[in-house]
Amino acid sequence: MTSGPPRPRTLIVTNDFPPARGGIETFVRELADRFPPDEVVVFTSAAAREGESFPYPVTHHGARTLLPTPHATAHAASVARRYGCDRVWFGAAAPLGLMAERLRHTAGIRTAVATTHGHEVWWARTPGARSLLRRVGTGVDTVTWLGPSTRRPVEAALAPGTRTARLAPGVDAGAFHPAVDGGPVRDRYGLGRRPVILCAARLVPRKGQDTLIRALPWVRRAVPDAVLLLVGDGPYAPELRRLALREGVLDAVVLAGGYPHRELPAFYAAADVFAMPCRTRRGGLEVEGLGIVYLEAAASGLPVVAGDSGGAPDAVREGRTGHVVEGRSVAATADRLIRLLRNPAEARAMGARGRAWVRAEWTWDRAHETLRGLLGLDPTARPEAGRPE
C-alpha cells in the first residue's frame, strides 16, 4: 500500500522567535507548536539560531534581522519549495509581508496571512511607511489585528476591500494559575509576606518600569512594606537602578533579571498586583500591541494596572479585571496600586473575574483554530472578520 503525497505545509516567516523573549515571540511560538510537526516550517533570522530544538524544521537566514530583501525573499522561496509549502503566515506583517507577492510567483504560495502588532500602528500613521503597509495588505489574503485599539489605525491604512480579521494571542491557563506556588520566588528574593507589585517585561522605557519606581514612594506611604519586583532584562536596567536610588526606594525594588517563559508562572504567583504602565514613544514608533503579560497575570488571578498605549486597554476590562492609566502619570499609577493593595478583597475579585475572562476568550487553541481557518486549513473556522472580502 502506497502513501499519498505529502501534505502541503505552512511557512512561518518571522524575526520574532526563540531564544528571543517577548510577546510576539511567545505568540509565534505558541501557534507554531500547535501545528502537527509535518505541517509547518519556520524561516527566521540568524539571531534565533542558538537555543532549543523544535519538532518542526526551523531554517535561519544569514542576517541577524530578517528584512524583505531580494536575497532573503529568494531564501524564503527556496525553503517553501524544499518543504512543499503552499501557505505562508508572516508573524509580524511589517515589513516581512512585503515578501508575499514574490513568494506567490516563485514558490507557489497560494494563501498568505500577515499579522499586525503594535509597531504596525506606527507604520499606519506614517506617510511613507503607510504606503508600504498598504502594499502588504494588497499582497496577502488577510491582514490580522489583535483588538479594537489596533484594528482602527491598521484598517484605515489599508486599501479598500482588504480582508482583515482578528487574530489575538492566548494564555495557557493551566500553566498560569492561582494555585501555582509562589513561595520559592518570595524566598529567593527575601520578600517574606510583603505586598508585591510585579512587572514582567523587557527593560525598555516604553514598558513603564520607571513610572512604577517613581510611584513607589507614594505607594509606600500608604502601604509601607510594599515591594516592586521587576522581571526581565534589557538596556534600561542600569538607569532603573539609578532611578530607584534617587527616589530612595532601592531597598524596595528587586531587579530579578530575565527568566525563560516557562518559569514566569511562579513570579505571578508570588505577586499581589501586576502593573505595566506602558506608554507610546517616539511619535508612535514604539507602541504596545496588546500585552500578553496582562492576560498571563489575569489567568494567574491577579488584578492588572495597564498603560494606555496601543492595544493594551484591550487586555483589561476597566474596573472589572483591573485599571488602565495614562502611562506617564505617576499619580494615577500610584493611586490604582494603593487602592488594590489596601483592598485585597477587591483585588481578589478582580483577579477571579480576569481569570474567568481569559479562560473564556483568550486561549491558544482558539487562536490556532482561527489561524488555520485564515490559511484555508479548516474551512469550518469562523474568524472574527473586519472588512468584508
*Enumerate the residues in region 286-325 having an amide nitrogen under 17 Å from the point lying 7 Å beyond the Cα of residue 177 toward its Cβ.*
296-302
_Net charge around residue 91, counting only other residues with Cβ within less than 10 Å of its Cβ (Lys, Arg = +1; Asp, Glu = -1)?_
-1
*Rounded FRET efficiency, nearest 0.05, which uses the C-beta distance separating residue 38 from residue 256 and R0 of 41 Å*: 0.60
*With Cβ to Cβ distances under 13 Å as the rule, what net charge do the other residues near residue 205 carry (K, R +1; D, E -1)?*
+4
*Let a ≥ b ≥ c be the square roots of the eigenvalues of the Cα gyration tensor of region 179-219; is it rounded (a/c under 1.5), or, if not, prolate (a/b larger than b/c) or oblate?*
oblate
*Lys and Arg at +1, Asp and Glu at -1: add these up for the other residues within a Cβ distance under 13 Å of residue 132 and post the number.*
+2
_Neighbour-count order for 243, 96, 250, fewest beta carbons within 10 angstrom listed first_ = 250, 243, 96
_Relative contact order, percent, the chain [alpha-carbon distance under 8 Å, six or more residues apart]_ = 16
*asked:* With the cut-off at 1.5 for a/c, could you classify region 183-361 from its C-alpha gyration tensor as rounded, prolate or oblate?
replied: rounded
*Rounded to the nearest 500, what is the chain's calculated 222 nm mean residue ellipticity when only DSSP H runs of at least 4 contribute -39500 (n - 2.57) each, over all residues?*
-11500 deg cm²/dmol
*Report relative contact order for region 183-361 in percent, whole number only (criteria: Cα-Cα under 8 Å, sequence separation at least 6).*
23
_For the chain, size of Cβ-based charge dipole, Lys and Arg +1, Asp and Glu -1, in debye_ = 660
*Inter-part distance where region 279-308 and region 204-250 are each reduced to a Cα centre, Å*: 17
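Full extension from residue 81 to residue 233: what is 0.36 nm times the residue separation minus their Cα-Cα distance, to one decimal in nm?
50.9 nm
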*With a Förster radius of 45 Å, plug the Cβ-Cβ distance of residue 245 and residue 74 into 1/(1 + (r/R0)^6) and report the FRET value to the nearest 0.05.*
0.30
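Determine the gain in length on full extension of the stretch residue 320-residue 204; use 0.36 nm per residue of separation and subtract their C-alpha separation, reporting nm with one decimal.
38.9 nm
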_I'd like the FRET efficiency for residue 126 and residue 63, computed as 1/(1 + (r/R0)^6) with the beta carbon distance as r and R0 of 41 Å, rounded to 0.05._
0.95
*Tell me, 369, 326 in order of fewest to most beta-carbon neighbours within 10 Å?*
326, 369
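Readers should treat all values here as calculations from the given coordinates under stated rules, not as data from a laboratory. Given the structure is predicted, the values throughout are model-derived calculations rather than measurements. Virtual Cβ from ideal backbone geometry, glycine too; neighbours counted across all protein chains shown.
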